[in-house]
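This report concerns only the one structure given below.
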There are 4 protein chains.
Amino acid sequence: MNYIRESFARQKAMALIGASLTGVSAGKVEVSLPYRDDLTQQKGFVHGGIIGMIADTACGYAAYSLMPASASLVTVEYKINILAPARGALVARGEVLKAGRTLTVARAEVYAQDGKHIATMQQTLMMLPDTADTRDPSCS
Amino acid sequence: MNYIRESFARQKAMALIGASLTGVSAGKVEVSLPYRDDLTQQKGFVHGGIIGMIADTACGYAAYSLMPASASLVTVEYKINILAPARGALVARGEVLKAGRTLTVARAEVYAQDGKHIATMQQTLMMLPDTADTRDPSCS
Amino acid sequence: MNYIRESFARQKAMALIGASLTGVSAGKVEVSLPYRDDLTQQKGFVHGGIIGMIADTACGYAAYSLMPASASLVTVEYKINILAPARGALVARGEVLKAGRTLTVARAEVYAQDGKHIATMQQTLMMLPDTADTRDPSCS
Amino acid sequence: MNYIRESFARQKAMALIGASLTGVSAGKVEVSLPYRDDLTQQKGFVHGGIIGMIADTACGYAAYSLMPASASLVTVEYKINILAPARGALVARGEVLKAGRTLTVARAEVYAQDGKHIATMQQTLMMLPDTADTRDPSCS
């Protein structure tokens with residue numbers, strides 16, 4: 001699963017928010033996010049969009065973990081329900097529901113450290129066969 | 001609409017990603033995001049979760065703009081389709097579809113500077129009447 | 001759980017498609033649908049909207065099963081992924097993920113008789129306290 | 001657009017609920033549904049799943065109207081917000097937001113006869129090139 005770890009390491013947006021990859025197995029990926037004051041919305045809770053970011057990433061890599069490393073993937077869409085406000089560290093656990101030839105459907109659950117269920121996401125991804133998962137060098 | 005601008009200014013997550021409020025009117029809000037390398041995913045495109053963050057925020061403040069300043073609101077859920085990859089500045093335009101007594105449904109469209117349609121979001125929010133839109137001082 | 005069975009029995013749309021309530025417990029409801037040729041789309045598979053109907057109903061009654069019988073509820077929104085085409089009897093199993101004071105989030109999984117996973121739904125519902133779950137007699 | 005009308009005519013589920021195709025142009029399709037008592041839920045409103053059926057179908061044919069008649073399509077997923085209860089005839093207007101090579105994103109708005117906005121749907125569809133849009137004769 002080294003290609004998963006390498007791809008995650010290239011996600012600068014994950015470094016920006018301080019998220020790390022804390023679990024990878026076939027069809028399952030865990031992303032952890034320590035609490036930081038600069039991740040919050042106006043009331044001091046973790047921003048719903050930040051919760052979406054780690055759930056999105058956990059779904060994406062869960063899907064990618066069942067694809068060949070020579071492929072790349074794009075997020076088609078996702079839907080998230082925020083179940084409770086969060087003011088602390090979070091973990092997003094992504095899991096593949098259905099890995100099709102072209103499309104994969106994944107789900108992520110986001111939990112607080114005390115086990116509270118914070119959010120649930122359903123996501124659709126599309127595999128791009130034989131496409132590099134890196135920056136196109138022709139782009140600045 | 002000063003309460004909208006003040007609430008946005010308290011969103012530290014918006015400062016983190018460099019987003020700003022570039023339009024506010026009754027039921028419509030625009031959030032702009034300059035391109036930055038640290039907002040990208042592994043292929044150098046703006047991270048789908050970052051796109052979600054500005055669309056989420058544009059929907060939320062569009063909804064809030066039709067509520068009394070004495071109220072607060074929570075995001076119930078949102079669904080976003082990513083229509084095209086983005087490698088440049090983005091603008092998210094949120095608009096209220098239906099403002100109910102308790103629930104509001106909003107939509108946001110995200111565009112690139114060349115007018116390309118990048119993403120579309122549908123969101124549900126819940127009003128909390130007579131609730132401060134600020135940090136609870138009892139929380140550290 | 002008699003109020004659940006009675007409410008389901010008032011759903012004429014369920015009778016129209018031949019769906020029945022085959023399981024009710026606290027927070028969980030099962031709706032079964034025999035295959036019929038008049039439930040199909042243009043290729044002879046069960047119509048995606050019909051799959052949505054039974055998943056919607058399973059979520060709704062799962063949510064209602066945790067509410068007082070004096071309340072009523074409305075569907076706020078749902079999102080469904082169709083995972084595989086179906087040409088046979090289906091069962092939709094709804095389950096509550098989070099029962100809040102006002103909003104409930106539920107999920108339904110739809111399976112074929114051979115255990116194939118056909119669809120997955122995530123739904124948001126709103127409780128209306130002290131509201132009759134019956135027809136308003138003033139409406140014709 | 002004859003292939004659209006012929007495909008719709010093969011949808012037995014549309015006949016079951018009494019829906020008809022009342023508008024077809026490139027990228028836009030309208031489906032109309034007269035009110036019938038057997039389309040209702042327990043409170044006498046049109047069942048949310050029935051509203052989903054016509055919105056789903058309007059999105060699907062809007063997408064199909066931009067594809068070659070030699071192709072077929074499948075619904076990947078949809079998300080619908082119910083904005084108001086309905087007790088009368090409905091019309092669903094589907095429109096393509098983005099027609100990609102493989103995936104199409106469409107939207108449908110559902111209205112009551114008095115112009116009330118009843119529901120809004122966002123849907124993703126996948127084109128299957130060179131695939132018959134008819135029943136596989138090998139299936140009984």
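Any idea which residue in region D:32-45 is nearest to residue D:124 (Cα to Cα), counting only those that are under 19 Å from the mean Cα position of the chain (by Cα) and open to solvent by less than 10 Å² (accessible area, probe 1.4 Å)? By that ranking, first place goes to D:33.
Taking the residues in region B:92-107 that are of a type in the set (A, V, I, L, M) and open to solvent by less than 20 Å² (accessible area, probe 1.4 Å) as candidates, determine which candidate is nearest to residue B:45 (Cα to Cα). Ranking the candidates gives B:92 first. When C:114, C:136 are screened for being modelled with pLDDT under 95 and not basic (Lys, Arg), only C:136 passes.
Residues in region A:108-132 that are open to solvent by less than 10 Å² (accessible area, probe 1.4 Å) and more than 16 Å from residue D:77 (Cβ to Cβ): A:110, A:118, A:119. Counting only residues that are in a strand (DSSP E or B) and facing another protein chain (nearest Cβ under 7 Å), region B:78-114 holds 9 of them. Residue A:101 fulfils the conditions (1) in contact (Cβ under 8 Å) with a residue 40 or more places away in the chain; (2) closer than 22 Å to residue D:124 by Cα; (3) not aliphatic (A, V, I, L, M) except for a single criterion, (1).
Of all residues in region A:46-75 being of a type in the set (S, T, N, Q) and in contact (Cβ under 8 Å) with a residue 60 or more places away in the chain, which is farthest from residue B:124 (Cα to Cα)? That would be A:70.
Within region B:46-77, take every residue that is among the hydrophobic types (A, V, I, L, M, F, W, C), surrounded by fewer than 24 Cβ atoms within 10 Å (Cβ to Cβ) and more than 8 Å from chain A (Cβ to nearest Cβ) and give me the one that is nearest to the chain's Cα centre (by Cα). Result: B:73. Each residue in region B:1-11 was checked for being in a helix (DSSP H, G or I) and under 13 Å from the mean Cα position of the chain (by Cα), and 5 of them qualify.
Within region B:1-31, being within 7 Å of chain A (Cβ to nearest Cβ) and either open to solvent by less than 10 Å² (accessible area, probe 1.4 Å) or in contact with a strand residue (DSSP E or B) (Cβ under 8 Å, 6 or more places away or on another chain) (or both) holds for B:7, B:11, B:12, B:13.
Conditions tested, residue by residue: (1) modelled with pLDDT under 95; (2) within 28 Å of residue D:9 (Cα to Cα); (3) outside any helix (DSSP H, G or I).
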position	(1), (2), (3)
C:16	no, yes, no
C:22	no, no, yes
C:38	no, yes, no
C:42	yes, yes, yes
C:49	no, yes, no
C:59	no, no, no
C:76	no, no, yes
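In region B:122-134, the residues that are closer than 17 Å to residue D:80 by Cα form no Cβ pair under 6 Å with any partner that is open to solvent by 60 Å² or more (accessible area, probe 1.4 Å), whether six or more places apart or across chains.
The values are calculated or read from the model by the stated rules, or taken from the named source; none is laboratory data. If you're wondering where the values come from, they're calculated on a predicted model, not measured in any experiment. Because the Cβ atoms are built from the backbone with ideal geometry, glycine has one as well, and the counts that use them run over all protein chains shown. Only protein heavy atoms, including side chains, enter the accessible area calculation; ligands, DNA and RNA are left aside. Shrake-Rupley method; radii C 1.70, N 1.55, O 1.52, S 1.80 Å.
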